[in-house]
Amino acid sequence: MEKFRDNIAVTRERAVLVGAIFKNTYSDNLAELAALAESAGAVIVDRLQQKINRVHPATYIGKGKADMVRQRAKASKADVIIFDNDLTPGQIRELEDIIEVKVIDRSELILDIFASRAQTKQSQLQVELAQLEYTYPRLTRMWSHLDSVAGAGGATAAGAVGGIGTRGTGEKQLEIDRRIVNKRITELKRELAGIDKRKKREIEARGEMFKICLVGYTNAGKSTLINKLTDADVYVADRLFATLDTRTRKWAIEKGRNVLLSDTVGFVRDLPHQLVASFKATLEEAVNADLLLHVVDVSSSDVQDQAENAKAVLEEIGCKESNVLVVLNKSDIVNNHSQFELLQTIYPDAICISAKTGMNLDLLKDRVMEIYTGGQVTLRITASAADGKIQGFLKSHTTVLEQNYSDSMVIMDIKVGKNQLHQLDRFKPVKIEEIK
Ligand SMILES: Nc1nc2c(ncn2[C@@H]2O[C@H](COP(=O)(O)OP(=O)(O)OP(=O)(O)O)[C@@H](O)[C@H]2O)c(=O)[nH]1
Ligand SMILES: [Mg+2]
């Protein structure tokens with residue numbers, strides 16, 4: 001195995017995709033794996049789906065099928081085989097022996113993409129932790145294998161020294177001991193806990209503001225939407241996992257009505273468990289939100305699965321379904337109209353928008369406003385003109401339609417959300433009356 005897995009990164013490598021599907025299950029077309037591989041920079045030269053009756057413990061797909069993969073890999077001059085299924089270290093080793101080309105699995109591919117995208121300290125540490133936790137058990141077994149191959153060189157000690165894809169010298173790696181990895185894991189956890197605490201304080205400092213979080217499958221258009229609605233200036237790209245960090249901005253839904261809008265990491269089917277665990281703090285933003293906008297890319301041929309998978313991740317991290325508003329994005333480039341209609345029946349409350357062209361963003365604003373305020377009422381508030389507190393509150397938390405003075409009184413006509421009415425109690429104005 002040390003012959004091939006000296007570098008797990010797949011940039012510019014010629015890749016053959018392999019997916020094992022079980023008889024009687026639906027046929028997944030490897031589209032997602034292809035998108036992931038391309039996002040990681042690989043060039044796809046062939047793809048194969050193998051129907052199997054059961055998992056073969058040694059090779060997952062069985063020796064005969066592995067041999068077929070070898071022939072195809074040879075014919076297409078492949079550098080790497082990427083499996084859609086998660087493999088054990090032992091299976092990877094057996095497969096590499098048979099196929100004679102580097103083999104990686106889906107989780108390793110995703111971790112590699114995350115590693116190349118991580119920009120902030122927090123996401124870099126989160127990815128490193130996930131890599132160590134996923135790769136480490138594999139490495140320890142690789143090391144025990146190496147021990148018996150005197151002088152073997154080139155096996156990766158990936159996360160331990162510098163992230164997946166880092167080539168190190170064999171000698172040096174043999175020196176790397178499990179304790180170093182464990183120590184690093186402890187260090188990472190401690191550093192991340194510190195960042196978590198700071199983030200929690202930041203969230204608390206936001207106080208009573210209404211919090212909205214954009215969630216959904218990767219590449220659905222979340223960052224495009226936050227950029228359109230606020231001055232966020234988040235990086236947008238037609239590739240998977242463009243965003244790994246959370247960005248929060250003020251969004252003025254109406255004049256004087258500010259809410260907080262957050263963009264966060266996108267989801268994908270079966271995100272490696274280690275990754276979800278270490279990105280917990282980033283995903284916390286979604287758990288704490290008052291409202292989630294689930295952005296769905298209606299131009300994708302895989303849209304229904306993507307939406308279902310995103311829902312599953314939301315459930316996994318503990319979000320309530322009642323807080324979710326589905327947003328059908330990219331309505332400007334629908335190619336499959338019957339699928340689009342079907343989606344509208346599945347999600348009858350969804351709003352069809354285009355984050356790119358701005359289509360229907362006013363409808364989205366109205367709906368969010370409705371949820372935020374619980375419907376609005378118009379009130380005439382009479383208070384002492386000297387009462388600065390109530391005037392300050394009304395100006396920053398409600399829509400002031402008119403403001404007049406009479407004697408020592410101020411009379412303000414305002415539009416306010418029913419959900420906010422209780423906040424008026426503490427100001428004790430002289431008079432509150434509803435007006436039409
Ligand atoms: N035609 C069209 N393209 C869109 C629309 N919204 C986003 N896109 C494109 O879709 C791609 C992905 O957009 P992003 O905003 O980066 O998607 P994201 O959900 O933030 O993706 P991740 O950060 O990877 O999770 C970009 O190429 C956008 O230009 C839309 O409404 N219409
Ligand atoms: Mg994004």
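No lab work stands behind these numbers, since they all come straight from the coordinates. This is a predicted model, so every value here is computed, not measured. With ideal geometry, Cβ positions are generated from the backbone for all residues, glycine too; neighbour counts draw on all protein chains shown.
Couple of notes before you dig in:
- Relative contact order for region 207-372: 24 percent, from Cα pairs under 8 Å spaced at least 6 residues apart, divided by residue count.
- Cross-link pairs Lys199/Lys222; Lys228/Lys311; Lys121/Lys228; Lys320/Lys431; Lys189/Lys365 - those with Cα-Cα distance over 29 Å: Lys320/Lys431; Lys189/Lys365
- Counted charge near Val234, where neighbours are those whose Cβ lies closer than 11 Å (Asp, Glu -1; Lys, Arg +1): 0
- Protection proxy ranking of 238-246, 294-302, 186-194, 375-383 - average other beta-carbon atoms within 10 Å, highest first: 294-302, 238-246, 375-383, 186-194
- Taking amide H positions as modeled 1.01 Å from N, with prolines and chain starts lacking one, no residue 5 or more places away or on another chain lies under 5 Å from Gly221.
- Summed residue charge, Cβ within 15 Å of Ala118's Cβ, Lys/Arg positive, Asp/Glu negative: 0
- Global form of region 14-114, assessed from the alpha-carbon gyration tensor, a/c cut-off 1.5: rounded
- Taking a straight line from the alpha carbon of Lys23, these aspartates and glutamates sit under 19 Å away, with near neighbours fewer than eight places off in the same chain left out: Asp84, Asp86.
- Residues whose placed amide H lies under 5 Å from that of Cys352, excluding near-sequence neighbours: Leu328
- In the chain, helical runs assigned H by DSSP with n ≥ 4 each contribute -39500 (n - 2.57); averaged across all residues and rounded to the nearest 500, the mean residue ellipticity at 222 nm is -13000 deg cm²/dmol.
- Counted over region 207-372, the DSSP beta bridges are approximately 30% antiparallel.
- Relative contact order (%) - criterion: Cα under 8 Å, at least six apart; region: region 374-434: 51 percent
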